[in-house]
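Step one of this worksheet: look at the structure below.
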Amino acid sequence: MGPISEHQKEFSLDCYFRQKWLDHRLAFSPFGSRQDLPLASKMLKDIWTPDTYIRNGRHSYLHTLTVPNILFRVRYDGQVHVSQRLTIRTKCEMFFRKFPMDSQACPIEIGSLGYYSKDIVYVWKDVDLDSKMSNMLSQYQLLDVIKTSENISDPRFENLNMSVLKVYFKLQRQQGFYILQIYTPCTLIVVMSWVSFWINKEASPARVALGIMTVLSMSTLGFGSRSDLPKVSHSTALDIYVISCFGFVFAALVEYAVINYAYILYIQKKVHDLKGLDTTSAMEKMRIFSASLMGAGQGTIRGSLSLDIKTRPWYKRLFNRKQERHSVFYRMAVRAAKAKQKLRMKDPAYVVNRIDSASKIVFPTLYVLFNIAYWVAFLYYIPDEINSLI
């Protein structure tokens, strides 16, 4: 059995094609203990033979080395037995939406070229399947052989039917090659892209180089996997996995662009806040300088203020404190202290590290959930398209 070509949508089979029919004109009296008579294959042209052909065949031939591989026997009651070694190549309609978890059903249709069902009827003989057939294919596993017989109407004559035999070889693609060559490398590339979350945010060359390398590796590995398939217009299960992995890798690269942009914004805000603090300090210095120009030094002013406060009654000191709280300089000092505290709480490194810390959890979690949904859906819930054929 095999090979099977996905590009040409062809199925090949090397088999012994055996036919039996009854022709009373060939009956003879048995002699001795022998009840059948072996004959040369050249004598087939001297008797009537059914014009059997492969209806969906593309290129089939009879083996002729070293002689035509034909076994021809006639039994005493007129039963004719003909066995031929053939290589049959037929067209096989294939479906690739679940590739590489797909199953295919390759048929062989047998019928008469010129006789209708009123003249000749084809019937299957029950033959057990050889267990070795399931091990003859490297990419497929033979699950079952389904034999059917039906009468097909002739489009030229509606009242005439043709007897047709069909056999479907149900094949399931083996996934080991694709798991080792595509799924595992794609998973490792996605995991490699997460390494950038543990690299310092200031190491831009390292993080950008790692992100670009993983994106290019995913593009080369994933999109080169379609070379084994014909150019179909729809997406396959492998395409969905590769595109999803590419999305995870690209998102990891975009994540660094986001934290870099956030880092720049916070730096600009910090510079703006620091400029505000410098203005407040300058106004305080201008107030002290103005007082000194009026004839009182800074120490004199502080001493006189403290002496005056101490000599005042307690209720006047309380009233003066309330006035100080509502003064312009007091409000500016409070605002400066709050700005400093706000800067300490909104440190750029702290905010960026929070994004990286969240990415360390979000990216692996989403990827694991995607894999669970992907494998469960395609292995158990999405039906095979060949169910409509068999």
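Quick test of your reading of the structure: residue 66 fulfils all but one of (1) β-branched (Val, Ile, Thr); (2) more than 29 Å from residue 172 (Cα to Cα); (3) touching a residue at least 12 places away in the same chain (Cβ under 8 Å). Name the failing condition by number.
Tallying (1) β-branched (Val, Ile, Thr); (2) more than 29 Å from residue 172 (Cα to Cα); (3) touching a residue at least 12 places away in the same chain (Cβ under 8 Å), residue 66 fails exactly one: (3).
Can you tell me how many residues within region 230-262 are outside any helix (DSSP H, G or I) and surrounded by 15 or more Cβ atoms within 10 Å (Cβ to Cβ)? It would help to see each step written out before you state the result.
Here is the first cut: in region 230-262, the residues outside any helix (DSSP H, G or I) are 230-236.
Checking the rest, the ones that are also surrounded by 15 or more Cβ atoms within 10 Å (Cβ to Cβ) come to 232, 236.
The number of residues fulfilling the criteria is 2.
Does residue 89 meet the test of being at pLDDT 90 or above, of a type outside the set (Asp, Glu), closer than 30 Å to residue 178 by Cβ and crowded, with 17+ Cβ neighbours inside 10 Å?
Numbers: at pLDDT 90 or above: yes; of a type outside the set (Asp, Glu): yes; closer than 30 Å to residue 178 by Cβ: yes; crowded, with 17+ Cβ neighbours inside 10 Å: yes.
Judged against the criteria, residue 89 is a match.
Considering only region 67-88, state which residues are among the aromatic types (Phe, Trp, Tyr) and under 19 Å from residue 13 (Cβ atoms).
Taking region 67-88 first, the residues among the aromatic types (Phe, Trp, Tyr) are 72, 76.
Matches in region 67-88: none.
What are the residues in region 38-68 that are under 21 Å from residue 85 (Cβ atoms) and touching a helix residue (DSSP H, G or I) at 6+ places or on another chain (Cβ under 9 Å), if any?
Step one: filter region 38-68 for residues under 21 Å from residue 85 (Cβ atoms), giving 38-45, 47, 49-68.
Selection gives 47, 67, 68.
When you go through (1) touching a strand residue (DSSP E or B) at 6+ places or on another chain (Cβ under 8 Å); (2) hydrophobic (A, V, I, L, M, F, W, C); (3) at pLDDT 90 or above; (4) surrounded by fewer than 19 Cβ atoms within 10 Å (Cβ to Cβ) one by one for residue 179, which number turns out not to apply?
Evaluating residue 179 over (1) touching a strand residue (DSSP E or B) at 6+ places or on another chain (Cβ under 8 Å); (2) hydrophobic (A, V, I, L, M, F, W, C); (3) at pLDDT 90 or above; (4) surrounded by fewer than 19 Cβ atoms within 10 Å (Cβ to Cβ) leaves (1) as the failure.
Which ones in region 23-56 are among the acidic types (Asp, Glu) and touching a Lys or Arg at 6+ places or on another chain (Cβ under 7 Å)? Lay out the reasoning, then the answer.
From region 23-56, those among the acidic types (Asp, Glu) are 23, 36, 46, 51; that's our starting set.
Hit for region 23-56 is 36, nothing else.
Can residue 227 be described as in contact (Cβ under 8 Å) with a residue 12 or more places away in the chain and either touching a Lys or Arg at 6+ places or on another chain (Cβ under 8 Å) or part of a helix (DSSP H, G or I) (or both)? Let's see the steps before the verdict.
Values: in contact (Cβ under 8 Å) with a residue 12 or more places away in the chain: no; either touching a Lys or Arg at 6+ places or on another chain (Cβ under 8 Å) or part of a helix (DSSP H, G or I) (or both): yes.
No.
The values are calculated or read from the model by the stated rules, or taken from the named source; none is laboratory data. None of these values were measured; they are calculated from a predicted model. Note that each Cβ is placed from the backbone with ideal geometry, even for glycine, and that neighbours are counted across all protein chains shown.
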